[in-house]
Structure formats: structure tokens, C-alpha cells
Amino acid sequence: MSHLFYVTVSYIAAFSVSMGLVLWVWLDHRGRHRELERLEAAGVRRRSAREETR
């Protein structure tokens, strides 16, 4: 194997892993956002949105 082949394969592998992680985080974000929308539609509110009663 040549040095160029090794470097090219390494860059492709690193790019693939990075893009896989980006895709995973993006899909997870969309899922959590949809889950929050469903909970808020059901009447569940976030603790940070609660008004102070003191």
C-alpha cells in the first residue's frame, strides 16, 4: 500500500465518523424537540417556564 492510499482512507474514515455523529445528534435533537412538543400539547410544562409564586 502506498502512503497516499493510507492517508486517503484515513481521511475518508474520519469524515464518515464525523458525519455519522453529526447526523446522530441532529436526529436526536429532532426527536427530543418533537417529544417536548407532544408533552407541552398534553399540558405538561417545563419547570423553567413555571412562574414564581413567592
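The values are calculated or read from the model by the stated rules, or taken from the named source; none is laboratory data. For clarity, every value in this text was computed on a predicted model and none was experimentally measured. Cβ atoms come from the backbone with ideal geometry, glycine included; neighbour counts cover every protein chain shown.
Of note:
- Residue match in the range 12-25 (condition: more than 17 Å from the chain's Cα centre (by Cα), small (G, A, S) and loosely packed, with under 10 Cβ neighbours inside 10 Å): no
- One residue stands out among those in the range 27-54 that are of a type in the set (A, V, I, L, M, F, W, C) and part of a loop (DSSP other than H, G, I, E, B): the one that is modelled with the lowest pLDDT, which is V44.
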